[in-house]
Amino acid sequence: MKQKGFGFYFRIYLKILAQDLKSKMSYRADFIISTIGMICTNIAGFISFWILFRRFPSINGWGYYEILFLYGFSLVSLTPVQCFFDNNWSLRQYVYSGDFIKYCFRPINLFFYFQSEVFDVKGLGQLAFGLGTLIFAWVKLGLGCSVLMILKMIVFLLTASLIMISLQNAAAATCFWIQNSFYVMDFVNRFRDYAKYPVTIFNKGFRFIFTFIMPIAFIAYYPSLVILRPDAVPLLSWISPLIGILFFFLSYKFWMFGALKYSGTGS
Amino acid sequence: MKLKKYVTLTRAGIIESLQFRMSFLIMVIGNLLYLTVTYFLWKAIYASVDTDVVNGMTFTDTLIYLVLATALNGFLEMYLVWDIGRSIQSGKIVLDLLKPMPYRRYLFWSYSGSFATQFLFTFLPTFIIVSVVTHGAIPLGINLLWFVLSVVLAIVINYSIDFIIGTVCLYTESIWGINIMKQVVILLLSGATIPLAFFPDGLRTVVSYLPFQAIYNAPLSLLLHADPDMQTVCTTLGLQAFWAFALTLISTAFWNRSLRQITVNGG
């Protein structure tokens, strides 16, 4: 079979996206409430830092605005996984009910087709709030602004997104082996909450785990160092884009491996 | 034999929750890891101040408070809103309404089984681990009795709030957004994310008049005080009992009113 090009997939994505948005628009109340709910979650995170820093001066040498920077960074980098890969949350239901088989019969990439079916609009609310927080912290820290810094930001935000997407793909794909992958996804989800703290608060063992096994330290900490502590950037920060790509590739392979051994439910 | 029907529902719930052993294991491991992370985080936070006691809480107090709040959350969060919302959307609710027991009571007793298993398999082990790790920092005396009483009231309050929110789904056809707002408000204002003791004074006064603090803060403060004076115990439990009673009435009335305008598509 001839390999289909990027343009082909892009056109298909737009078509599927249009259909998805149309069906979403028929539940307008749900759309509005979900967006408000998303922003509430983010505000709550903001408030808890505010409360915390009224009693305590810093966390492991990281001040209020630096922590807000990490928080904003993690919110922005979570947007792509929220917007484009949200269908992962439904994967276990499709697999369980047997409906997943419909994805296997299309002449396009299985992973692409499955993920493209849902575009989650409420991620955009998170993006707006995250960007707001990031810019607020940026200004308060007096970081200054240059083209190079913006470029670095974009590259490292994308890196962080790749890591998050990989984690979620891998967690969702476990449902090809165990029936209820909700707990695995929930587990990963809870941990990504901790991405907003500097990884240095942990001891050596956990630092290793969060860097190489469950790489949540790459969601905000390592990439942010490039901007926040430019004098002492560890090697891990610089190679994090490569690590992001590697993890994404591995999670994709894992997902496809599970999907291709899927044999349906027979109905 | 009036009690028999309730016992049957409880038993069915226990059997059902024991079915998913794998997810159970993941949940336990997840909780343990989560506890460790909480430990490191607050250790770093406490390291930033010179004193051992902040707002009347030592590091150990805070740790016990937050760890047990998480453990309580494990069995208080029953995804009730999702259950009600889904059965409204699918029309399954019609079958439940036909049962010879009020819907509110039927659901409560169906959940009682998983309350029991969760308590035995997640809360109790966590409790034991914490009291061993902290070298018996949890006072073991009459406060345990107050704690258990308080938890029972907390279950009732939490269930009522969930039920009210679930009823809202009858009107909004949105589950995710409504549920996430509820979770965020409860977790923040009940002290489950940050102990209420650290809240700024004004905010703490406001929060103490709301029902949410009765879910996590009330039982946990009763537990942490070895020898509380009778007056504190009475006010705490009395306030909880008030909320439990009031919210039960409100949720029942709200449900009965809403039921009249229910529209179910098929089923």
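Just so it is clear, none of the values below were taken in a lab; they were calculated from the coordinates. Given the structure is predicted, the values throughout are model-derived calculations rather than measurements. Every residue, glycine as well, gets a Cβ built from its backbone with ideal geometry; the counts of neighbours run over all protein chains shown.
Out of B:231, B:240, B:213, report the one residue that is within 22 Å of residue A:49 (Cβ to Cβ) and assigned to a helix (DSSP H, G or I).
B:213
Checking residue A:79 against (1) crowded, with 19+ Cβ neighbours inside 10 Å; (2) within 14 Å of another protein chain (Cβ to nearest Cβ): exactly one of these is not met. Which one?
Of everything listed in (1) crowded, with 19+ Cβ neighbours inside 10 Å; (2) within 14 Å of another protein chain (Cβ to nearest Cβ), residue A:79 misses just condition (2).
Can you name every residue in the stretch A:237-266 that is exposed (fewer than 13 other Cβ atoms within 10 Å of the Cβ) and either part of a loop (DSSP other than H, G, I, E, B) or among the polar types (S, T, N, Q) (or both)?
Selection gives A:261, A:263, A:264, A:265, A:266.
Go through (1) buried (at least 16 other Cβ atoms within 10 Å of the Cβ); (2) farther than 29 Å from residue B:204 by Cα; (3) small (Gly, Ala, Ser); (4) at the interface with another protein chain (Cβ under 9 Å from one of its Cβ atoms) and name the single condition residue A:29 misses.
Result: residue A:29 fails condition (1) only.
Among the candidates B:168, B:132, B:94, which residue alone is exposed (fewer than 14 other Cβ atoms within 10 Å of the Cβ) and more than 20 Å from residue B:216 (Cα to Cα)?
Every option except B:132 fails the conditions.
Given the conditions (1) closer than 24 Å to residue B:29 by Cβ; (2) at the interface with another protein chain (Cβ under 10 Å from one of its Cβ atoms); (3) surrounded by 19 or more Cβ atoms within 10 Å (Cβ to Cβ); (4) not hydroxyl-bearing (Ser, Thr, Tyr), and given that residue A:177 satisfies all but one, which numbered condition is not satisfied?
(3)
Which residue out of A:58, A:34, A:48 is polar (S, T, N, Q), under 22 Å from the mean Cα position of the chain (by Cα) and closer than 30 Å to residue B:52 by Cα?
Of A:58, A:34, A:48, the one residue that is polar (S, T, N, Q), under 22 Å from the mean Cα position of the chain (by Cα) and closer than 30 Å to residue B:52 by Cα is A:48.
In the list B:192, B:197, B:226, which residue meets the criterion of being more than 14 Å from every other protein chain (Cβ to nearest Cβ) and of a type in the set (A, V, I, L, M, F, W, C)?
B:226
Return the residues of the stretch B:176-222 that are of a type in the set (A, V, I, L, M) and touching a strand residue (DSSP E or B) at 6+ places or on another chain (Cβ under 8 Å); say none if nothing qualifies.
B:197
Please verify whether residue A:129 is assigned to a loop (DSSP other than H, G, I, E, B) and within 25 Å of residue B:177 (Cα to Cα), treating the condition exactly as stated.
Considered against the rule, which asks whether it is assigned to a loop (DSSP other than H, G, I, E, B) and within 25 Å of residue B:177 (Cα to Cα), residue A:129 comes out as no.
Can you list the helices (runs of 4 or more DSSP H) found entirely within the stretch B:37-106 that contain at least 1 residues being hydrophobic (A, V, I, L, M, F, W, C) and within 14 Å of chain A (Cβ to nearest Cβ)?
B:59-76, B:80-90
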